[in-house]
Amino acid sequence: MKIKIIKQKLLQNLGNIFLHSIVNALCKTVKIKKINSNKVENLLNLNQNFVLAFWHGTMLMPWFVHKNQNFSALVSLSKDGSLLANTLIKWGYKVERGSSHIGGKEALNTLLENSRNKFSVAITPDGPTGPPKQMKAGAVITAQRANIPLILCGVAHKKKYVFNSWDKFEVPKFFSEVVLKYSEPIYIDAELTREDTSIIINNCDVLLNQLQKDAQEIS
């Protein structure tokens, strides 16, 4: 039994290394076009941490673009989440495990603690199970409670593979192009009522989908 467990762990570790190597090599070949990225760069230059939100189905390139920028990331507790967590750790992210369904409250509290320690926070606000491209509260609530700005990021691939998953997960083809379009920083008053906060969440949902469409038109 112990030998079997050791073999399983060995195969898993080899798989993680192999997957990360392929993903990293792929991302390095992609031409990246960033729109309105000066808003992000200004915050980074000021050492101002922030929340960055992008849809789950287009998350690969934003993760890559913002590697080694002092980000904390929330990743689900699933097996797929474990694969993602391994890559994000290698890209310099401080990874926290949880979701809106499992371990969510504890994970959110940890992200808030990380933000107090000047980490930015990257979130896929429709993850980990959807519905796709419909914003849940996590990104807005994190920015509100941490008193830091929220930036939304629409992503479009010119040439891509699309997986048959709940989020229609997209992977750019080698040597293709991706467009990332960022919003203005959004500041959310900590004193807002629950109803007003819900309005902000809905507005951010509309804005992120518009950024997605804008990026697609450019790509």
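The values are calculated or read from the model by the stated rules, or taken from the named source; none is laboratory data. Keep in mind that what you see is a predicted model, and the values were worked out from it rather than measured. Every residue, glycine as well, gets a Cβ built from its backbone with ideal geometry; the counts of neighbours run over all protein chains shown.
Scanning region 16-31 for residues that are exposed (fewer than 15 other Cβ atoms within 10 Å of the Cβ) and not in a helix (DSSP H, G or I) yields one hit, Lys31.
Residues of region 81-96 that are of a type outside the set (Val, Ile, Thr) and closer than 17 Å to Cys27 by Cα: Leu83, Leu84, Ala85, Asn86, Leu88, Lys90, Trp91, Gly92, Tyr93.
Take region 125-134 and flag every residue that is surrounded by 22 or more Cβ atoms within 10 Å (Cβ to Cβ) and either among the basic types (Lys, Arg) or closer than 18 Å to Pro149 by Cβ (or both). Of everything in region 125-134, just one residue is surrounded by 22 or more Cβ atoms within 10 Å (Cβ to Cβ) and either among the basic types (Lys, Arg) or closer than 18 Å to Pro149 by Cβ (or both), namely Pro125.
Looking only at residues of region 89-113 that are in contact with a Gly (Cβ under 7 Å, 6 or more places away or on another chain) and farther than 17 Å from Ala139 by Cβ, we find that the one that is modelled with the highest pLDDT is Arg97.
Of all residues in region 164-191, those satisfying the criterion of being more than 22 Å from Asn24 (Cα to Cα), modelled with pLDDT of 95 or more and aliphatic (A, V, I, L, M) are Ile186, Ile188. Scoring Gly138 on the criteria (1) in contact with a strand residue (DSSP E or B) (Cβ under 6 Å, 6 or more places away or on another chain); (2) farther than 26 Å from His20 by Cβ leaves a single failure, condition (2). In region 152-191, which residues are buried (at least 20 other Cβ atoms within 10 Å of the Cβ), touching a helix residue (DSSP H, G or I) at 6+ places or on another chain (Cβ under 6 Å) and aliphatic (A, V, I, L, M)? Result: Leu152, Val155, Ala156, Val178, Val179, Ile188. If you scan region 40-80, which residues turn out to be at pLDDT below 95 and either surrounded by fewer than 15 Cβ atoms within 10 Å (Cβ to Cβ) or in a loop (DSSP other than H, G, I, E, B) (or both)? Within region 40-80, Ser76, Leu77, Ser78, Lys79, Asp80 qualify.
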